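**Q** One structure coming up, written as structure tokens, with questions to follow.
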Amino acid sequence: MSLGDNNEINSPFQLIERAEWKKLNGLFAHKLAQDDVKNLQALNEPLTIAEIEDIYFPLAHLLDIFIQQYRESHSLVTGYLNKHTQRLPFVIGIAGSVAAGKSTTARVLQKVLSMLPGKPNVDLVTTDGFLYPNHILNDRNILNRKGFPESYDTRLLLNFLSAMKSGEPEFEVPVYSHLEYDILKDQTQIIKMPDILIVEGINVLQVNSTTGNNVFVSDYFDYSIYVDADESDIKDWYVARFESLRATSFQNKDSYFHRYADMDKQASIKMATNIWNEINRPNLRENILPTRYRADLILKKGAHHFVRNIRVRKV
């Protein structure tokens, strides 16, 4: 049975258009400053106060319903078992293609959720930090497969999530540098039992088992979101971002991609298009897009990069 856009009646999702969705917020009376928006914005990805208020305020309100249910269930079950254990983090997974804007979604959601009543502590972890270091990828001859399932230390990622859901007081997470295109050797992110944990990455909903068991990253999620867009739009965004990076970050001599800094625009676009066609498109089609309907909620963007509609899994 198809779950596509033309089969809404039999779909496990309810389709909500943007105009209807933005009316659903009944919780937030907060106002964001333009500086807040600027700090959350990514390169070549427009973000406005209206986008945050129309899309992310209602989303945070919806998530708060699930968070409160989660906390109530914890209290009832531990009371029933007479085991009053500490409350564990509510874990949100955010998936989507390279260049789809999932990192911005994660940052905005972290900001907005931290504004909920009670001001919860919200941590954000990206699965880029769980990529194998380049020297391991080189040894395995899969550096050009970075981002594919086999390029991640899935066992470490699962250990981290297991620790969070087991009440471990803290966990050191590796940090990835997009400038160096590698894991940083002398830097880690310490996660100390947040109220809400957001885990963002292209691989978070995948079920490709690289650990020899049937435990998946998404098994630890309490809610999951997929950031969606038409493939042609994502490709255009990727190429435009590559060209912007060539004129900015790639100019840094410490950048892994500094060798592309002196390319002219035409050569840059050709290079980005080749990378998309040879690496990112196959990964999207083979590993990322098939996970879309495993999410609890799908944010569908239009060509302008703003959310056009939302699909919410029926309950």
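The numbers here are math on the coordinates, done by the rules we state, and not lab data. Everything quoted here is computed from the prediction, not taken from an experiment. FYI the Cβ positions are ideal-geometry reconstructions off the backbone, even for glycines, and counts take in every protein chain you see.
**Q** Quick one: of LYS111/LYS165; LYS253/LYS301; LYS23/LYS165; LYS102/LYS146; LYS119/LYS146, which pairs are farther than 26 Å apart, Cα to Cα?
**A** From the list (LYS111/LYS165; LYS253/LYS301; LYS23/LYS165; LYS102/LYS146; LYS119/LYS146), the Cα-Cα distance tops 26 Å for LYS253/LYS301; LYS23/LYS165; LYS119/LYS146.
**Q** Can I ask one more? Taking just the alpha-carbon atoms of region 203-315, what radius of gyration and Dmax come out, in angstrom?
**A** Rg and Dmax of region 203-315, Cα atoms, are 17.3, 53 Å.
**Q** If the viscosity is 1.567 mPa s and the temperature 4 °C, what translational diffusion coefficient in µm²/s does Stokes-Einstein give for region 194-247 when Rh comes from Kirkwood over Cα pairs? Present the calculation step by step, with values, prior to reporting the outcome.
**A** On the way: Rh = 14.1 Å.
Value of D from the Cα-based Kirkwood radius: 92 µm²/s.
**Q** So, one more: What is the angle, in °, between the Cα long axis of helix 265-275 and the longest principal axis of the Cα atoms in the chain? Nearest 10 is fine, range 0 to 90.
**A** Helix 265-275 and the main axis of the chain meet at about 60 degrees.
**Q** Using θ = phi - 60° and the Karplus form 6.51 cos²θ - 1.76 cosθ + 1.60, what ³J(HN,Hα) does each residue of region 220-229 get, whole Hz, x for Gly and Pro?
**A** 9, 8, 8, 7, 9, 10, 10, 8, 10, 6
**Q** Among LEU157, GLY147, ILE183, whose Cα sits farthest toward the positive end of the charge dipole of region 138-188 (+1 at Cβ of Lys/Arg, -1 at Cβ of Asp/Glu, about the Cα centre)?
**A** GLY147
**Q** Where the only charges are on Cβ atoms (+1 Lys, Arg; -1 Asp, Glu), what is the dipole of the chain about its Cα centre, to the nearest 20 debye?
**A** Numbers: 36 positive and 39 negative charges, 61 e Å.
That gives a dipole near 300 debye.
**Q** Could you state the number of Å between the C-alpha centres of region 168-197 and region 237-283?
**A** So the separation of the two Cα centres works out to 26 Å.
**Q** Now a separate question. How large is the helix-only mean residue ellipticity at 222 nm for the chain, computed as the sum of -39500 (n - 2.57) over DSSP H runs with n ≥ 4, divided by its residue count, in deg cm²/dmol to the nearest 500?
**A** Helices in the chain give a 222 nm mean residue ellipticity of -9000 deg cm²/dmol.
**Q** Between 0 and 90 degrees, rounded to the nearest ten: what's the tilt of helix 102-113 against the longest Cα principal axis of the chain?
**A** Roughly 30 degrees between the two axes.
**Q** Continuing with this model, one more query. Could you size up the charge dipole of region 148-245 around its Cα centre, putting +1 on the beta carbon of Lys and Arg and -1 on that of Asp and Glu, and report it in debye to the nearest 20?
**A** Details: 6 positive and 18 negative charges, 63 e Å.
Computed about the Cα centre, the dipole is about 300 debye.
**Q** Beyond 29 Å, what share of the Cα-Cα pairs of the chain remains, rounded to the nearest whole percent?
**A** 39
**Q** Defining a contact as two alpha carbons under 8 Å apart and six or more residues distant in sequence, what relative contact order in percent does the chain show?
**A** 25
**Q** Past the 18 angstrom mark, what percentage of all C-alpha to C-alpha distances in region 138-190 do you count? Walk me through the numbers before you get to the answer.
**A** Values: 603 of 1378 pairs.
Percent of Cα pairs beyond 18 Å in region 138-190: 44.
**Q** Still on this structure: How tilted is helix 57-81 with respect to the longest principal axis of the chain? Cα atoms for both, answer in degrees (0 to 90, nearest 10).
**A** 50
**Q** Label points 7 Å out from Cα along the Cβ direction at MET115 and ASN274: separation in nm?
**A** So the label points at MET115 and ASN274 sit 4.5 nm apart.
**Q** Which residue fluctuates most in the GNM of the chain (Cα springs below 10 Å): GLU72, GLU243, GLU170?
**A** Judging by the Gaussian network model, the answer is GLU72.
**Q** Got a sec? Charge dipole of the chain, +1 on Cβ for Lys and Arg, -1 for Asp and Glu; which of SER218, ASN277, VAL239 is way out at the positive end?
**A** Comparing the listed Cα positions along the dipole, SER218 ranks first.
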